[in-house]
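What follows is a short report on a single structure.
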Amino acid sequence: MAATSLPPFPTDLPVQDLLVVDFRLLKAGDKEQADILWRAATTWGFWYLKNHNVNDFVESMFEMGKEVMALPFKEKMKYWQGNKGGSFGYRHAGATYTDVDGSTDVAEFINISKDDALTYPDVIHKVYPAPVNSHMKEVVRPFIQACLKSSAVLMDVFNEKLQLPIGTLSELHRPEKECISEARCIRVPPALKDTKVALGAHTDFGSISILANKLGGLQVLVSAGNTSEWKYVKPIDGFVICNIGDTLSILSGGVLKSCVHRVVPPPGLQFMHERWSLVYFSRPINDVYLEALSEKSLVIAETVKNTDKRMHEPGMTAAQWFTKRQKQYRTDSEKDIENILAPGPKDTQEQN
């Protein structure tokens, strides 16, 4: 559906204003843009990015996602991501809890590995549904490559601001090395009256996330003193939304902020429409040991010297961290695929 045919974002909602970073200027070495990015990444951990080429592939990625989600549920489940900590492949709606009351999410995903996209038709991690394969060379791979280039520029700015040796962060995120970086296309169906949260509160597991979406629903948890409030992040046409994830926050000793966020049904009249979003998650190489890089940076060392070491050293590699986090809050952790495919209280056609 064209963006012009969608209802506007309501004007009477609490919105978190984000700083805007001009990628074209940032890439050219503009110091003012680097300062804006640094301020965003060390306060809210979220910012808008404009004048980038990621948008060149967003519509085509959405079309690919729609073709995948239109497949019969049993066909999609042939490419199930599983429930033991893996991520690549299809994830059905209702796979995670969204709150302590036992409510479940309503989002379904198709996750495509960076490694598989760059080496296609060779398979590194996962085989994908036919619509992914038919779009891999012309759509999926160029989208991921654009995100890799954008992430590399952002990472170099953080590297300099953290006063790390040149290339430190880029070496931990080398694109030719195996990792759990992935593109994700997400479908959230039109909201039902009793749907409060589409995707539960969380922080991203990796380093940098790049998000494209047209409808509202993304909220960040904003703390002020002893109170916290959920505020919307308004989609802006032509901009992507970027944020810091846990692993980059750990590596920076908490200097870079990984903010709690969630997805609720689109606000106002937007709730009547499907919400499509597209994310690229940049994550470290699998064997990177997660710890604050305080021995390489005085900025990081000064930040962590009076903090609990356990906050910045989970005692595992990036791959182990992801698996641990991925298994949290699963509703299907004790099920096999036959249990999930078995008819339940709801018609399985709702999954299509």
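For L221 and V100 in the same chain, what is the full-extension length gain: residue separation times 0.36 nm, less their Cα-Cα distance, in nm?
My answer for the length gained is 41.8 nm.
Report the Rg/Rh value for the range 1-142, based on alpha-carbon coordinates and the Kirkwood definition of Rh.
Result: Rg/Rh = 1.03.
Rank M136, P121, P175 by how far each Cα sits towards the positive end of the charge dipole of the range 116-194 (+1 on Lys, Arg Cβ; -1 on Asp, Glu Cβ) and give me just the farthest.
Of M136, P121, P175, it is M136.
In what sequence, highest mean first, do 54-63, 280-289, 165-174 appear when ranked by Cβ atoms within 10 angstrom? Walk me through the numbers before you get to the answer.
Numbers: 54-63: 18.2, 280-289: 21.7, 165-174: 16.3.
Answer by packing, highest mean first, reads 280-289, 54-63, 165-174.
Let me have the relative contact order for the chain, percent, based on Cα pairs under 8 Å that are six or more residues apart.
23
Distance between Cα centroids, the range 266-294 to the range 153-171: provide it in whole Å.
What the calculation gives is 21 Å, centre to centre.
Sort 243-249, 208-214 for me by packing, meaning the mean count of neighbouring Cβ atoms within 10 Å per residue, highest on top.
243-249, 208-214
Which helices, counted as full DSSP H runs in the chain, have an axial Cα extent of no less than 27 Å and a Kyte-Doolittle average of 0.0 or above? Let's see the in-between values first.
Working: long enough: 141-161 (30 Å, 0.22).
Helices passing the filter in the chain: 141-161.
Please work out, to two decimal places, the log10 of the ratio I(q)/I(0) at q = 0.12, 0.15, 0.22 Å⁻¹ from a Debye calculation in which every Cα of the range 116-244 carries one identical scatterer.
-0.65, -0.97, -1.40
How much accessible area per residue does the range 1-147 have, counting only protein heavy atoms and a probe of 1.4 Å, in square angstrom?
In whole numbers, the range 1-147 has 45 Å² accessible per residue.
Using a 1.4 Å probe over the heavy atoms of the protein chains, calculate the carbon and sulfur portion of the accessible area of the chain as a whole percent.
Numbers: 8630 of 16470 Å².
That share works out to 52 percent.
Once Rh is set to the Kirkwood radius over Cα pairs, what Stokes-Einstein translational diffusion coefficient, in µm²/s, holds for the range 227-352 at a temperature of 4 °C and a viscosity of 1.567 mPa s?
Translational D for this selection: 70 µm²/s.
How would you classify the range 53-109 from its alpha-carbon gyration tensor, with a ≥ b ≥ c the square roots of the eigenvalues: rounded for a/c under 1.5, else prolate if a/b is greater than b/c, otherwise oblate?
Prolate, since a/c reaches 1.5 and a/b exceeds b/c.
Going Cα to Cα from K234, which lysines come in below 29 Å? Please leave out same-chain ones fewer than 8 positions away.
K27, K31, K50, K66, K114, K149, K161, K193, K196, K214, K257
Which of rounded, prolate, oblate describes the chain, given a ≥ b ≥ c as roots of the alpha-carbon gyration tensor eigenvalues and a/c under 1.5 marking rounded, otherwise prolate only if a/b is larger than b/c?
Working: a/c = 1.43, a/b = 1.32, b/c = 1.08.
Here the chain falls in the rounded category.
The values are calculated or read from the model by the stated rules, or taken from the named source; none is laboratory data. Worth saying up front: this structure is predicted, and the values here are computed from it rather than measured. In this analysis, Cβ positions are derived from the backbone assuming ideal geometry, glycine residues included, and neighbour counts consider all displayed protein chains. Quick note on the areas: whole protein, heavy atoms, side chains included, nothing else; ligands and nucleic acids left out. Shrake-Rupley method; radii C 1.70, N 1.55, O 1.52, S 1.80 Å.
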